[in-house]
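Trainee: Sending over a structure as C-alpha cells; questions will come in a sec.
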Amino acid sequence: MAEPTLTQEPPGLSPVYPSLRPSGLRGIVADWASDQRTFKNVSWMKAMMWIFLLSDTFIFSCFLLSYMTVRMSTVTPWPNPSEVFGLTVAGHETPLLLIAIMTFILISSSGTMAMAVNFGYRRDRVKTAVLMLATAAFGASFVGMQAFEWTKLIMEGVRPWGNPWGAEQFGSAFFMITGFHGTHVTIGVIFLLIMARKVLRGDFDKERRGFFTSRKGNYEIVEVTGLYWHFVDLVWVFIFALFYLW
Amino acid sequence: MAQATTQATVSQAAAEAAPATGAHAEGQHHPIKIYLLVWFWLFVLSACSYLVDYFGLQGYLRWSLILLFMVVKAGLIVGVFMHMAWERLALAYAILVPPVVLLVFVGIMVVESHYTLFTRLFFSGVTP
C-alpha cells in the first residue's frame, strides 16, 4: 500500500518551500505544536536514524566519560599514547602514524559517502553505487588496520587488566572504545554493501519493494546510510582527539 | 492585512510548486563544490591535529588546539555532510541540544574522579 496521505500536506504548507514556514524559535514552537508530525520535510526514516544516532552518542559518551574518570583518578601514570601507537618506519620512530593513516582513510570515506548521497539524489545509479562501494572499501581497510593495531598491542602484552607501561585501565578503555567503534564501522560496511547492491540493481528507479518490509525504496536511503556512516566518522574524531592525542 | 498577503503568497507559491512536488521533495540537493570544500578542510584540520602530536606540543596549548580542531571537524561533518545546517530547527535542536547536557555529566565525573584520587592517595598511602 502506498501512503500518500501522511506525506502530502495541505496546500500552503508545501515542503518544497520550507522558508514559508515560520523560522527561528517561532518555527520550533510551531513545528512541535503542529498536527501529524513534528519534523517537517524529514521522512520517518531520516528522523528515526537521527534519534538512533542520538542514543548512540550517549553510548559512546559513556565510554569516553568512564575513560576520562579512570584516567583522572589513577595513581599510576597513564601510558603515553604517542609512544604506544608509534610505528618505526625505516628505522625512524614516527608517533601515531597508523592512527593518522586510519583517520585520513575514514575522512576519505566520509567524502566519498557525501558524494554518493549527492549522486543518489541526481538519480545517477552507477556513480552512486561505485562511490558507496569505495566508501565500503575504505571502511574495510580501516577495520583491517584496526585488527593490525590490536594484534600489535596484544603481542606487546596489552590486556584489559594490564599493560607493560602504566595504568591498568589503559587496556580496558582502549579495547572497549575502539572495539565498539570498529563494530560500528563493520556494521556500516555491511549496510553500505547491501545498499550499493540495491542501487546498482536499480531498485530505487523501479521502486522495487524491499524483501523484508515490502516498502518501495527511494534514493533517500542512501542519505540515511550516509548519516550512519558520517556518524561513525564523527565518533572517530572524538576518539582520535580524546584517546589518542590527549 | 499583512497576514492575508502572506497567506496569498503562500498558496500561490504552493500552487506553483505543486507540479514539481514529486516523491523526492524531501531530499537534500546541494552543489558538489561545498562537499569538496568541506572534505578539503577536514583533511587540513586532521593534519593539524596530528601535527600537534608530531611536534609534541604540551600543556594547555596542546589541549586547547586538540579540542578546537575536534569541535570544528565535528561541526563540519554534522553541519554539511549530515545536512544538519539545512534542516529545520525543530530537528536540529532536538538532536543537538541533548548532547550538550553531557557537559554536566563531564563536570560530575571530574568531581567524582578527584574524590577517588583523593581517597586513594589519602587512605592507601600510594604516591603518584
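The values are calculated or read from the model by the stated rules, or taken from the named source; none is laboratory data. Predicted model only: the values in this text are computed from it and were never measured. Cβ sites come from the backbone with ideal geometry, for glycine too, and all protein chains shown count toward neighbours.
Trainee: Applying the selection to the stretch A:160-181, what residues are polar (S, T, N, Q) and assigned to a helix (DSSP H, G or I)?
Mentor: A:Q169, A:S172, A:T178
Trainee: Across the stretch A:107-122, which residue is farthest from A:E220 (Cα to Cα) among those that are polar (S, T, N, Q) and at the interface with chain B (Cβ under 7 Å from one of its Cβ atoms)? Can you show your working first?
Mentor: Initial filter on the stretch A:107-122 (polar (S, T, N, Q)): A:108-110, A:112, A:118.
Next, from what is left, pick out any that are at the interface with chain B (Cβ under 7 Å from one of its Cβ atoms): A:110, A:118.
Numbers: A:S110: 17, A:N118: 10 Å.
Result: A:S110.
Trainee: Of everything in the stretch B:44-70, what is touching a Ser or Thr at 6+ places or on another chain (Cβ under 8 Å), of a type in the set (G, A, S) and surrounded by 12 or more Cβ atoms within 10 Å (Cβ to Cβ)? Give them in sequence order.
Mentor: B:S46
One line per residue, one yes/no per condition, for (1) modelled with pLDDT under 90; (2) touching a helix residue (DSSP H, G or I) at 6+ places or on another chain (Cβ under 8 Å):
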| site | (1), (2) |
| --- | --- |
| A:E3 | yes, no |
| A:L25 | yes, yes |
| A:I59 | no, yes |
| A:L64 | no, yes |
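Trainee: Scanning the stretch A:133-159 for residues that are β-branched (V, I, T) and assigned to a helix (DSSP H, G or I), which turns out surrounded by the fewest Cβ atoms within 10 Å (Cβ to Cβ)?
Mentor: A:T151
Trainee: Another question, then. Among the residues of the stretch B:1-54, how many are at pLDDT 50 or above and either over 20 Å from A:D233 (Cα atoms) or facing chain A (nearest Cβ under 7 Å) (or both)? Steps first, answer last, please.
Mentor: Residues of the stretch B:1-54 that are at pLDDT 50 or above, as a first pass: B:26-54.
Of the ones still in play, those that are also either over 20 Å from A:D233 (Cα atoms) or facing chain A (nearest Cβ under 7 Å) (or both) are B:26-33, B:35, B:39, B:42-43, B:46, B:49-50, B:52-54.
So the count comes out to 18.
Trainee: While we're looking at this one, here's another question. List pairs: first residue in the stretch A:97-119 and farther than 25 Å from A:L87 by Cβ, second residue among the charged types (D, E, K, R) anywhere in the structure, Cβ distance under 6 angstrom, at least six positions apart or on different chains.
Mentor: A:V117/A:E223; A:F119/A:K127
Trainee: Pairs under 6 Å by beta carbon, first residue over 10 Å from A:Y121 (Cα atoms) and within 11 Å of another protein chain (Cβ to nearest Cβ) in the stretch A:212-226, partner surrounded by fewer than 22 Cβ atoms within 10 Å (Cβ to Cβ) and among the aliphatic types (A, V, I, L, M), six or more apart or different chains?
Mentor: Every condition considered, the pairs that remain are A:V224/A:M45; A:V224/A:M49.
Trainee: Looking for something over 22 Å from the mean Cα position of the chain (by Cα), crowded, with 19+ Cβ neighbours inside 10 Å and assigned to a helix (DSSP H, G or I) - is there at least one such residue anywhere in the stretch A:92-106?
Mentor: no
Trainee: Then there is this: When you go through A:V42, A:V75 one by one, which is the residue that is β-branched (V, I, T), within 30 Å of B:I66 (Cβ to Cβ) and not in a helix (DSSP H, G or I)?
Mentor: Working: A:V42 fails: within 30 Å of B:I66 (Cβ to Cβ).
Result: A:V75 is the single residue among A:V42, A:V75 that is β-branched (V, I, T), within 30 Å of B:I66 (Cβ to Cβ) and not in a helix (DSSP H, G or I).
Trainee: On to the next question. Could you please tell me which pairs satisfy a Cβ distance under 8 Å, a separation of 6+ or placement on different chains, a first residue in the stretch A:65-79 that is within 7 Å of chain B (Cβ to nearest Cβ) and under 12 Å from B:L117 (Cα atoms), and a second residue that is aliphatic (A, V, I, L, M) and not in a helix (DSSP H, G or I)?
Mentor: A:V75/B:V126
Per-residue answers, yes or no, for (1) modelled with pLDDT under 90; (2) in the same structural domain as B:F55 (by TED's automatic domain parsing); (3) within 23 Å of A:R26 (Cα to Cα):
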| position | (1), (2), (3) |
| --- | --- |
| B:L67 | no, yes, no |
| B:V71 | no, yes, no |
| B:I77 | no, yes, no |
| B:V80 | no, yes, no |
| B:I95 | no, no, yes |
| B:V104 | no, no, no |
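Trainee: Mind listing just one residue for me: the one in the stretch A:227-246 that is crowded, with 24+ Cβ neighbours inside 10 Å and of a type in the set (V, I, T) and, of those, nearest to the other protein chains (Cβ to nearest Cβ)?
Mentor: Per the criteria, the residue is A:V237.
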